[in-house]
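**Student:** Sharing a structure with you now.
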There are 2 protein chains.
Amino acid sequence: MYRSHNCGQLNASHINQEVTLAGWVQKSRNKGFMIWVDLRDRYGITQLIFDEQRTQKEVLELATTLGREFVIQVKGTVIERESKNAAMATGDIEILVSELTVLNASITPPFTIEDETDGGEDIRMKYRYLDIRRNPVKNSLLFRHKVAMEVRNYLSAQNFVEVETPVLIKSTPEGARDFVVPSRMNQGQFYALPQSPQTFKQLLMVGGMDKYFQIVKCFRDEDLRADRQPEFTQIDCEMAFVEQEDIIQTFEGLASHLLKQVKGIDTGAFPRMTYDEAMKKYGNDKPDIRFGMEFGELNAVAQHKDFAVFNNSELVVGIAVPGAASYTRKQIDELIEWVKRPQVGASGMVYAKYEADGSIKSSVDKFYDAADLQQWAQITGAQPGDLIVVLSGDAHKTRTRLSALRMELATRLGLRNPEVFAPLWVVDFPLLEWDEDSQRFHAMHHPFTSPKPEDISLLETNPGAVRANAYDLVLNGNEIGGGSIRIHDKATQALMFKYLGFTEEQAKAQFGFLMDAFQYGAPPHGGLAFGFDRLVAILGGQETIRDFIAFPKNNSGRDVMIDAPSTIDETQLTELHIKLRG
Amino acid sequence: MYRSHNCGQLNASHINQEVTLAGWVQKSRNKGFMIWVDLRDRYGITQLIFDEQRTQKEVLELATTLGREFVIQVKGTVIERESKNAAMATGDIEILVSELTVLNASITPPFTIEDETDGGEDIRMKYRYLDIRRNPVKNSLLFRHKVAMEVRNYLSAQNFVEVETPVLIKSTPEGARDFVVPSRMNQGQFYALPQSPQTFKQLLMVGGMDKYFQIVKCFRDEDLRADRQPEFTQIDCEMAFVEQEDIIQTFEGLASHLLKQVKGIDTGAFPRMTYDEAMKKYGNDKPDIRFGMEFGELNAVAQHKDFAVFNNSELVVGIAVPGAASYTRKQIDELIEWVKRPQVGASGMVYAKYEADGSIKSSVDKFYDAADLQQWAQITGAQPGDLIVVLSGDAHKTRTRLSALRMELATRLGLRNPEVFAPLWVVDFPLLEWDEDSQRFHAMHHPFTSPKPEDISLLETNPGAVRANAYDLVLNGNEIGGGSIRIHDKATQALMFKYLGFTEEQAKAQFGFLMDAFQYGAPPHGGLAFGFDRLVAILGGQETIRDFIAFPKNNSGRDVMIDAPSTIDETQLTELHIKLRG
C-alpha cells in the first residue's frame, strides 16, 4: 500500500492518526531548523512538516534534497497546524513526517505546475503530461468525465442503448474529406474513418433498435481552423417512430438535465426560432441571445435619400450598441477599421450617436435629418446613450458582417458572460444550399435529411426554398447540436441523391446498402448529434475546446508530444500495397 | 406522436384504454372474417385483432395486405384476449384496431426474423440490419450496453476518470501490425491507429490522473483467426501509487460486481495460480477450472521400463477423463485421430481404462503391469470408470497438446457449462519469451512491463527465467483481462529496450516521449485491460463474440453489409501523396 489517504482528504478529525501519503512535491520552504513541503496529488495538497526537534536527522537531511515534482511517499502523524489556511480543505492540519521515501526524482520541469503557468501553448502541448498536472487542465478532464457520465445515465434511464458502430468503414465522396486506412488484406482498397456514424445509426433504426446513442470519436481531414480537431467526439443519437417535436423534447430534456446537474441552472423551456428569423434578426444561424442588439432593417427609412451607398445596397441594416454613444472618434475609427479587415470584409460603416440629451448625430448628417435618425433609433431599438452602427450591401454578406460586428462589440462590452446560458432551437433550415465552386446544390445538413412534406413540390421549381425537417441546438452563439428527421423510403432517398448530382450508379455504389435497407420496413426516424468537446467547453465556461481534450493535436494536425504523424518503414508500405509519391 | 405505448408494455391493467402502437408485422393470420397480426418492436410483441363485426371495412381490407416486416401504426382499444398466453408479457390482452396506417412496406426479407432463423452467417451479415431485429442479436447488444454501464458506474464511483485518448497516433514496430492513416497535411507521414492506449494511459499517470479507465476501440491489422476482429473494444485501466496486489483487488472487485449484477452470481474470492503452476497443471496459461482433469506427470512411474516412446520423451503426462472407461474402441480410435490432427500435432496417444471393478487395462499392457497402472491412476486422480489418456514428447508441446485434448474432452462431456463461472488470476508471467523466427527475446506482455525486483539480476544471465509483475484474469478458459506493473524510471525502461533489441536511436525515436516523461516525477503505476467483446460474450453465455458486436467484420476484415474496404479516387490518393503498387 503506497498510501492510506490521498492529499485532499485529511482534516482536523484525523488529528493524531498515523497516515501514509504519496504524491508530488509542489514546493518546499527550508528554514534550516524546519522544512515545509506541499505534497500534491489529484485530490489536493497537504502540508508536510519536518523539524529539528521532532524529525530524525537522516529524514530531515533527505527532505532538504527534495525538488519540485519529486515523487515521494511519507509516513507521519496528522497534527494541528499553527497557522491554519481556511482556503484549503486540508488547511487545518499538517503531517509531522517520520519516514520519507523518494519514489522518483524529477529534473526541473519546463514550466511551473501552477494554475497560472509560465509555459506557452507550444511547450505545454509538448509536455502535455505535465500540463495535465495543472488544475485548469485536470479539472477540465474531470469535468468532461462528469458530463459524459450524466449523459450516459440520463439517456440509459430513458431506454436509449449505447451501440458501438465501426471505425473502419467506407469512404464516401460527400461531405468533408475522409481519413483513409489502406487495407493489407484487400489489396488496393481502403477503409475510411467515420465523419459520423450517420448511416450506421440509421441502419440501427431499420434494425429496430429504436433509441440509440453513442459517445463516439469522429474524424474529418479538413484544413484545421482554430479550435478544430481532426478527431473529435460526438454524442450521437437516433430515435425511431418520432417526429421533429419528439426529438426536440427528448434532447431539450437532456440539455436541461446537464445544465441543472453540472451548472445548477434552470433555464426553463428553450426558445425556438426559424432559420429565416435567425438570419434576419442576428445575421447568423447560431445567434448568441444572451444579449439583444437585434438587427434593424433600415431600407425603408434610409434609402431614396441622396446617399448613394445606401441607395445602391440590397440591404441597409443596423444595431444599437448599448452605452456606446460615448465612444471617441478614435474608438469609432478603430471599429471602422475592424469591419474593413479582410476577415469581415465590409467597405465601411455608418454610425449615429444617440446622445443622452435625446439628440442624434450621425456620420451621414448631410443626408439624414433628425427625424430620419429617430426612425433609425426606433427600428434598431436604440436608447439615449447608445451608438447605432449600420452596414449595407449584398443582403447575405451584410448580415454576416453585421453579425461579426455584433459579436465583437458584445465581447468588448462584456455581454458574453460564460456563466450565463442561453439555449435556443433553430428550426426549418433550408434543405439545400447552392455551392458556387461546384455550381450545384449541396445538402445543407447531409443527403439523408428529409424535406418538409409541404415543400417537396418546390424541389423541381425552386430547390433553394425547400425547407428541411432539420434543427440545431444553439448555446451562447455556438451550435452544440444538430440533426434532422431522415428520409426513410427508397424512392425519396434516390430522388435526393439525384438532386444532389449523384448518378444512379454512384448512389448505388456509395449508399446502396442504405437504400436496400429502406426496402425492408424502415421506420420513420430522426436524430441529432451534439459536439461533445464544444458542449463540455461551454458548460465549463471556456471558449476553447483544447483543455477539455487530454491529448489534442495542433493546427497542422500534429501531436507534438509523441511526434505523430511520422514516417513508416518501406516494409509496411509494401505490405499495404502503396508507395509514396516523389 | 407515433405511439402512446410500446409493444411490450400493455397488460390487463390497460383494458379499455385507447392506445396507439407502431412496429413491425411479425406475422399475420387471416381467417377471412378475422385477422390477427403480431406487432413487434424492440420491447415485445402485441397481438392486434381486426374482425368483420367490429372493424371498418377499409381497415379490414388494408389489414389483408400486410406482409411480414411491414411497418405500421395502429390505433385501437385494449381488450381482454380470449385465449391468453401466459408466456408473453402482453399475453392477456389484444388491440381491437380502429385505424391502420402503413408507414412503410417491406419486400420479403432474405431470412426469417425469428430466434431460430433460416439465414446462414453470410446472409445475416450482409443484411445485418435485419439480423439485429432478431432477439438473440438484439438482446446481445442490449446486454453489452448494460455491462458497459455497470463498468462505468462502478469505476466512476471508485474515483476512476474516463479519459479519451487519441485514435490518430504514431506507428510503432513492436507488437502486432498497425493500421496506418496517411496524413494529407504532413506529406509522406502516417498516423497509426492504437493497438491499445498503453503509452497514453501511462502518460496520464505521469500527469497525476491517478485512476484512469476508458472503454475504447483498439485496432490490430493481423491475419484474422476465427472470432478475432480487426477493431475490438477494451476496458482499459491504469492506476498510480499501486502494487500488483492493489490492482488485483480493485479489478477483482469490478469483475465480482459484474458477475453479481448481470448474472446474480457470487463466486467468492478468485483463486490465484502462478504461470508455472498453470502450465504444469493445465498446459495452458488460461486454464478452464470449471472442471478438474488436472495433469498428472508420469515420468517417474512410466519411464525406465521397456517402452521406448516414453523413455525418449522429455515429458510423459496424462489426465483422467471422468466416466470415459466405457468408450468403445471406435471412440478411442477417433480420439487418437483427433490428437494426430495437424492443429494438435501429437504422434499418438496411450490410454488406460480404469474399469468399474478396479482393474486397469491399457494400450501398453506389454510394458506396464497392474501396479504400474495403479500409480498412473493415483497420479492422474483417476477413479474407477475413468479413462486415462497419456501424451508424451517435448515438454512444452506435449503440455499444449494435452491441454487441447483436455478442452475437447470437457466440451464433449458437457463440462463447459456457460452458466457456470470460474474466474482465476494467473500471476508471475515470464517477462520475456524467446522468438524462434527473429532469434531474440520478445516482451511477453509489452516492453513497459516491470520485472520482479528479485529477478532483475537474471536479466543478464538467464533472461527467460525473469518473472514479470504481470497478471491475467482468466474466466472459463479465456483470458478476459491482463496487465502489469509498469516500469516507471527512465534507466530501467532504456535497459528493457536494449534487451529487446532496440538500438538507442530506435528506442528514442519510438518511445522518447515516454522516457522523457519518466524524468519529470513519474509515479509507480500499473494497470490492466479487459477484452470487452469477449467479456460480454462470456457473461452472456456465448462462445463467439460476433453477436455482441453490432456490425462485425468477416475473416477477411470486410464489412460485407457496406462493402468496405473499397477503392478510392485517384484524387484522394494524390492528395494523400501516395499511389498504389501495380
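**Student:** Residues that are more than 15 Å from residue A:324 (Cβ to Cβ), at least 3 per element: which strands (runs of 3 or more DSSP E) completely within the range A:347-420 meet that?
**Tutor:** The strands (runs of 3 or more DSSP E) meeting that bar are A:387-393.
**Student:** A follow-up question, please. Within the range B:1-58, track down each residue that is in a loop (DSSP other than H, G, I, E, B), at pLDDT 95 or above and aliphatic (A, V, I, L, M).
**Tutor:** Once the filter is applied, which keeps residues that are in a loop (DSSP other than H, G, I, E, B), at pLDDT 95 or above and aliphatic (A, V, I, L, M), the range B:1-58 yields B:10, B:15.
**Student:** Which ones in the range A:275-292 are part of a loop (DSSP other than H, G, I, E, B) and more than 12 Å from residue A:317 (Cβ to Cβ)?
**Tutor:** Matches in the range A:275-292: A:284, A:285, A:286, A:287, A:288, A:289, A:290, A:291, A:292.
**Student:** Go through the range B:484-535 and report how many residues are among the polar types (S, T, N, Q), within 12 Å of another protein chain (Cβ to nearest Cβ) and part of a strand (DSSP E or B).
**Tutor:** Result for the range B:484-535: 0.
**Student:** Any residue in the range B:13-26 that's within 18 Å of residue A:207 (Cα to Cα) and within 14 Å of another protein chain (Cβ to nearest Cβ): show its pairings with residues that are open to solvent by less than 10 Å² (accessible area, probe 1.4 Å) and among the polar types (S, T, N, Q) at Cβ separation under 9 Å, as long as the two are six or more apart or on different chains.
**Tutor:** Cβ pairs passing all conditions: B:21/B:46; B:23/B:46.
**Student:** Here is a further query. Determine whether residue B:310 is modelled with pLDDT of 95 or more and in a helix (DSSP H, G or I).
**Tutor:** yes
**Student:** Could you figure out which of (1) modelled with pLDDT of 95 or more; (2) in contact with a strand residue (DSSP E or B) (Cβ under 7 Å, 6 or more places away or on another chain); (3) not hydrophobic (A, V, I, L, M, F, W, C) isn't true of residue A:267?
**Tutor:** Failing condition for residue A:267: (1).
**Student:** Evaluate the following for residue B:210: is it within 7 Å of chain A (Cβ to nearest Cβ) and acidic (Asp, Glu)?
**Tutor:** Against the criterion (within 7 Å of chain A (Cβ to nearest Cβ) and acidic (Asp, Glu)), residue B:210 qualifies.
**Student:** Which of the residues spanning the range B:218-230 are surrounded by fewer than 21 Cβ atoms within 10 Å (Cβ to Cβ) and within 9 Å of chain A (Cβ to nearest Cβ)?
**Tutor:** Once the filter is applied, which keeps residues that are surrounded by fewer than 21 Cβ atoms within 10 Å (Cβ to Cβ) and within 9 Å of chain A (Cβ to nearest Cβ), the range B:218-230 yields B:223, B:224.
**Student:** Then there's this: Yes or no: the range A:276-299 includes at least one residue that is within 21 Å of the chain's Cα centre (by Cα) and of a type in the set (Ser, Thr, Tyr).
**Tutor:** yes
**Student:** Would you confirm whether any residue within the range B:148-159 is more than 7 Å from chain A (Cβ to nearest Cβ), in contact with a Phe, Trp or Tyr (Cβ under 6 Å, 6 or more places away or on another chain) and part of a helix (DSSP H, G or I)?
**Tutor:** Checked against the condition, which is being more than 7 Å from chain A (Cβ to nearest Cβ), in contact with a Phe, Trp or Tyr (Cβ under 6 Å, 6 or more places away or on another chain) and part of a helix (DSSP H, G or I), the range B:148-159 yields at least one hit.
**Student:** Which residue, of B:189, B:195, is touching a strand residue (DSSP E or B) at 6+ places or on another chain (Cβ under 9 Å) and more than 7 Å from every other protein chain (Cβ to nearest Cβ)?
**Tutor:** Of B:189, B:195, the one residue that is touching a strand residue (DSSP E or B) at 6+ places or on another chain (Cβ under 9 Å) and more than 7 Å from every other protein chain (Cβ to nearest Cβ) is B:195.
**Student:** Also, quick follow-up: For the range B:372-429, which residues satisfy the criterion of being more than 25 Å from residue B:299 (Cα to Cα), in contact (Cβ under 8 Å) with a residue 60 or more places away in the chain and not hydrophobic (A, V, I, L, M, F, W, C)?
**Tutor:** Correct list: B:416, B:417, B:418, B:419, B:423, B:428.
**Student:** Here's something else I'd like to know. Under 9 Å by Cβ, and 6 or more places apart or on different chains, what pairs join a residue from the range A:199-213 that is closer than 9 Å to residue A:161 by Cβ with one that is hydroxyl-bearing (Ser, Thr, Tyr) and open to solvent by 10 Å² or more (accessible area, probe 1.4 Å)?
**Tutor:** Close Cβ pairs satisfying both conditions: A:210/B:43; A:211/A:250; A:213/A:156.
**Student:** Please go through the range B:233-274 and pick out each residue that is part of a strand (DSSP E or B) and either of a type outside the set (A, V, I, L, M, F, W, C) or closer than 13 Å to residue B:481 by Cβ (or both).
**Tutor:** B:233, B:234, B:235, B:236, B:237, B:238, B:272, B:274 - these are the residues of the range B:233-274 that are part of a strand (DSSP E or B) and either of a type outside the set (A, V, I, L, M, F, W, C) or closer than 13 Å to residue B:481 by Cβ (or both).
**Student:** Follow-up question, since we're still on this one. Run residue A:528 past the list (1) of a type in the set (A, V, I, L, M, F, W, C); (2) open to solvent by less than 10 Å² (accessible area, probe 1.4 Å); (3) under 35 Å from the mean Cα position of the chain (by Cα); (4) more than 30 Å from residue B:132 (Cβ to Cβ) and report the number of the one that doesn't hold.
**Tutor:** (4)
Quick grid of which residues meet (1) crowded, with 22+ Cβ neighbours inside 10 Å; (2) in contact (Cβ under 8 Å) with a residue 24 or more places away in the chain; (3) more than 30 Å from residue A:112 (Cα to Cα):
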| site | (1), (2), (3) |
| --- | --- |
| B:453 | no, no, yes |
| B:459 | no, yes, yes |
| B:468 | yes, yes, yes |
| B:509 | no, no, no |
| B:514 | yes, yes, no |
| B:521 | yes, yes, no |
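**Student:** Related question: When residues of the range B:63-99 are filtered for being at pLDDT below 95 and either in contact with a helix residue (DSSP H, G or I) (Cβ under 8 Å, 6 or more places away or on another chain) or acidic (Asp, Glu) (or both), how many remain?
**Tutor:** So the count comes out to 1.
**Student:** Give me the residue from the range A:96-134 that is part of a helix (DSSP H, G or I) and within 25 Å of residue B:489 (Cα to Cα) and, out of that set, nearest to the other protein chains (Cβ to nearest Cβ).
**Tutor:** A:129
**Student:** For the range B:337-359, give me each residue that is in contact (Cβ under 8 Å) with a residue 60 or more places away in the chain and acidic (Asp, Glu).
**Tutor:** Once the filter is applied, which keeps residues that are in contact (Cβ under 8 Å) with a residue 60 or more places away in the chain and acidic (Asp, Glu), the range B:337-359 yields nothing.
**Student:** Can you confirm whether the range A:432-441 contains a residue that is farther than 30 Å from residue B:105 by Cα and in contact with a Pro (Cβ under 8 Å, 6 or more places away or on another chain)?
**Tutor:** Scanning the range A:432-441 turns up at least one residue that is farther than 30 Å from residue B:105 by Cα and in contact with a Pro (Cβ under 8 Å, 6 or more places away or on another chain).
**Student:** Could you grab me the full set of residues in the range A:549-582 that are more than 10 Å from chain B (Cβ to nearest Cβ) and either crowded, with 24+ Cβ neighbours inside 10 Å or assigned to a loop (DSSP other than H, G, I, E, B) (or both)?
**Tutor:** A:554
**Student:** To continue, here is another question. If you go through the range B:278-308, how many residues are touching a residue at least 24 places away in the same chain (Cβ under 8 Å) and on the phi > 0 side of the Ramachandran plot?
**Tutor:** 2
Here is a yes/no grid of residues against (1) modelled with pLDDT under 95; (2) in contact with a helix residue (DSSP H, G or I) (Cβ under 9 Å, 6 or more places away or on another chain); (3) of a type outside the set (D, E, K, R); (4) surrounded by 13 or more Cβ atoms within 10 Å (Cβ to Cβ):
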site: A:343; (1), (2), (3), (4): yes, yes, yes, no
site: A:351; (1), (2), (3), (4): no, yes, yes, yes
site: A:356; (1), (2), (3), (4): yes, yes, yes, no
site: A:381; (1), (2), (3), (4): no, no, yes, yes
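**Student:** So residue B:200 passes all but one of these: (1) more than 7 Å from chain A (Cβ to nearest Cβ); (2) more than 23 Å from residue B:545 (Cα to Cα). Which condition number does it fail?
**Tutor:** Of everything listed in (1) more than 7 Å from chain A (Cβ to nearest Cβ); (2) more than 23 Å from residue B:545 (Cα to Cα), residue B:200 misses just condition (1).
**Student:** Out of all the residues in the range B:490-507, which are farther than 30 Å from residue A:22 by Cβ and open to solvent by 30 Å² or more (accessible area, probe 1.4 Å)?
**Tutor:** Listed by number, the residues that qualify are B:501, B:503, B:504, B:505, B:506.
The values are calculated or read from the model by the stated rules, or taken from the named source; none is laboratory data. All values reported here derive from a predicted model rather than from experimental measurement. For neighbour counting, all protein chains shown are included, and Cβ atoms are generated from backbone atoms with ideal geometry for every residue, glycine included. Surface areas here come from the heavy atoms of the whole protein model, side chains and all, with no ligands, DNA or RNA. Shrake-Rupley method; radii C 1.70, N 1.55, O 1.52, S 1.80 Å.
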